[in-house]
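Please read the structure below before turning to the comments.
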Amino acid sequence: GLTGPNVLATRGALHRLRAEDTAAAGERQRMRFAHLPGPLVGVLIGGSTRQFELTPATTRQFAGQLLACASETGSSLAVTVSRRTGPEATALLAEAITGAGHFFWDGEGENPYPAILGLAQRLIVTGDSASMVSEAASTGKPILIAHLGHYGHRLERFHQALRDEGVTRPFPGPWSDAAYTPVNDTPLVAASIRTLLAERGIGKHAGHGR
């Protein structure tokens, strides 16, 4: 809702992930998922926020929905959690997911997050993190968003905008393979900042770095 000559509005959160980085991570870690049958569905799980608490009951319900989705579609799940997931919810998810023969990152070895984005054919993301959703949306792959509670008006507006664009759909629900423009405004913002700096005679060599 902000406008002005020094305001840059973005579709999603800015992040460091690039398509070449996730592709390289996927190739490097491909064997970690080679035993999983069927199409790979990446699941990115956040956790509690100031507006939302990831309770054990919600966690169990979500785990059941994930397993039902995998069974109905003949897919395999590659699940990773975040620090906000918390030890209790992480333990409940690990028991449910690994017990059903899917991949669950237990914190050991290389972080599979970028590899999952690179290898998965489809993605399921919890709606508590604009960053995770934006990183998933930068892939151009089909995305379902799990709304496990109310995340506050700002995030709700963010999700509504992505649904209106056809970038995401609610989980559980049918997938859509319709193409959408990947959400990644980081290069555009970086270019705009360089232009503004150049106009002020600052950072003449800014374009030489990454």
Which percent of the accessible heavy-atom area of region 1-56 goes to carbon and sulfur, probe 1.4 angstrom? 56
What does the charge dipole of region 118-210 about its Cα centre add up to, to the nearest 20 debye, if the Cβ of each Lys and Arg holds +1 and the Cβ of each Asp and Glu holds -1? 280
Between 0 and 90 degrees, rounded to the nearest ten: what's the tilt of helix 19-29 against the longest Cα principal axis of the chain? 30
Residue 153 accessible area, nearest 10 Å², 1.4 Å probe? 140
Just one of [x] 29, 17, 16; [y] 32, 20, 16; [z] 25, 19, 18 is semi-axes √(5λ) of the Cα gyration tensor in Å calculated from these coordinates, so which is it? [y]
If amide H atoms are modeled at 1.01 Å from N in the peptide plane, then the residues at a separation of 5 or more from residue 146, or on another chain, having amide H under 5 Å from its own are 125, 126, 127, 171
With a 1.4 Å probe and every protein chain kept in, tell me what percent of the accessible surface of region 66-178 is carbon plus sulfur. 51
Could you do me a favour and compute the accessible area per residue for the chain, 1.4 Å probe, result in Å²? 55
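The values are calculated or read from the model by the stated rules, or taken from the named source; none is laboratory data. In this text the structure is predicted, and so the values were computed from the model without any measurement. In this analysis, Cβ positions are derived from the backbone assuming ideal geometry, glycine residues included, and neighbour counts consider all displayed protein chains. We work out accessible area using only protein heavy atoms, side chains counted, and drop any ligands, DNA or RNA first. Shrake-Rupley method; radii C 1.70, N 1.55, O 1.52, S 1.80 Å.
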